[in-house]
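Structure, as structure tokens:
The values are calculated or read from the model by the stated rules, or taken from the named source; none is laboratory data. Here the structure is a predicted model, which means the values were calculated and not measured. Heads up, the Cβs are rebuilt from the backbone with ideal geometry, glycines too, and the neighbour counts pull from every protein chain shown. For accessibility, only protein heavy atoms count, side chains too; no ligands or nucleic acids. Shrake-Rupley method; radii C 1.70, N 1.55, O 1.52, S 1.80 Å.
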Amino acid sequence: MTPDALADLHARCFTTPRPWSAAEFADFLGSPFCFLLTEPAGFLLGRVIADEAELLTVAVDPAARRQGIGARLLSGFAAAAQARGASCAFLEVAATNAPAQALYRKAGWHETGRRRAYYHAPDGTAEDALVMACDLSHP
């Protein structure tokens, strides 16, 4: 997927946090620490630095949700991060995004903290993020 295609799909999936631009995706893809996993209707962007992985964003076309795409991307993230030497992973998710939280929990992630007013909406409101982690040390 091109940075433009990634930005287009991201915009269909997010308002808060704000969708990322094609330039932002291009910057991430230019980093040797980042990796992109794709499915026909979704993608996941992650990075590994030292032994720690971060799930930067995952997006599944709203019309294609609840078909296992997100679960496959998460499984691929764990494998790709382990292959790059990560033993643990973390992510931030909007505190109100119950479907994403359920998907992460089902994949073995657990809540480790909260970032107050982490996400800012265009209308000026702010939303907390939950910090979630996953142990990758066991294949």
How much accessible surface does Phe33 have with a 1.4 Å probe, in Å² rounded to 10?
100
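Determine the dipole magnitude for the range 89-139: charges of +1 sit on the beta-carbon of Lys and Arg, -1 on that of Asp and Glu, nothing else is charged, the reference point is the Cα centre, and the result goes in debye to the nearest 20.
Working: 5 positive and 6 negative charges, 25 e Å.
That gives the range 89-139 a dipole magnitude of about 120 debye.
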Averaged per residue, the 1.4 Å probe accessible area of the chain, protein heavy atoms only, in Å², is roughly 53
Gap separating the Cα centres of the range 1-27 and the range 74-139, nearest whole Å
18
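Stokes-Einstein diffusion coefficient for the chain at 25 °C in a medium of 0.890 mPa s, Rh from the Kirkwood formula over Cα pairs: what value in µm²/s?
Numbers: Rh = 15.3 Å.
The calculation lands on 161 µm²/s.
Taking only DSSP H segments of four or more residues, each worth -39500 (n - 2.57), what value at 222 nm results for the chain once the sum is divided by all its residues, to the nearest 500 deg cm²/dmol? Don't skip to the end; give the middle numbers.
On the way: 4 runs with 43 residues, N = 139.
Value at 222 nm, helices only, nearest 500: -9500 deg cm²/dmol.
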Ranked by GNM mean-square fluctuation in the chain (Cα springs under 10 Å), the top entry among Leu73, Leu44, Leu103 is Leu103
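Just reorder Leu36, Leu74 by solvent-accessible area, largest first, 1.4 Å probe, all chains present. Please report the intermediate quantities before stating the final value.
Working: Leu36 55, Leu74 10 Å².
The ordering from most to least exposed comes out as Leu36, Leu74.
Suppose every Lys and Arg Cβ carries +1 and every Asp and Glu Cβ carries -1, with no other charges. What dipole size does the range 1-98 come out with about its Cα centre, to the nearest 20 debye?
On the way: 7 positive and 10 negative charges, 62 e Å.
Once rounded to the nearest 20, the dipole reads 300 debye.
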Given the whole protein assembly as supplied and a 1.4 Å probe, what does the accessible area of Asp4 come to in Å², nearest 10?
110
What distance in nm lies between label points placed 7 Å from Cα along the C-beta direction at Thr96 and Leu36?
3.0
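Please report, as a whole percent, how much of the solvent-accessible surface of the chain comes from carbon and sulfur atoms (probe radius 1.4 Å). Working shown, then result.
Working: 3970 of 7360 Å².
So the carbon and sulfur contribution to the accessible surface is 54 percent.
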Name the residue farthest towards the positive end of the dipole of the range 1-57 from the options Cys13, Leu36, Leu55, assuming +1 on Cβ of Lys and Arg, -1 on Cβ of Asp and Glu, about the Cα centre.
Cys13
For Cα pairs less than 8 Å apart in space and 6+ apart in sequence, what is the mean separation divided by the residue count of the chain, i.e. the relative contact order in percent?
21
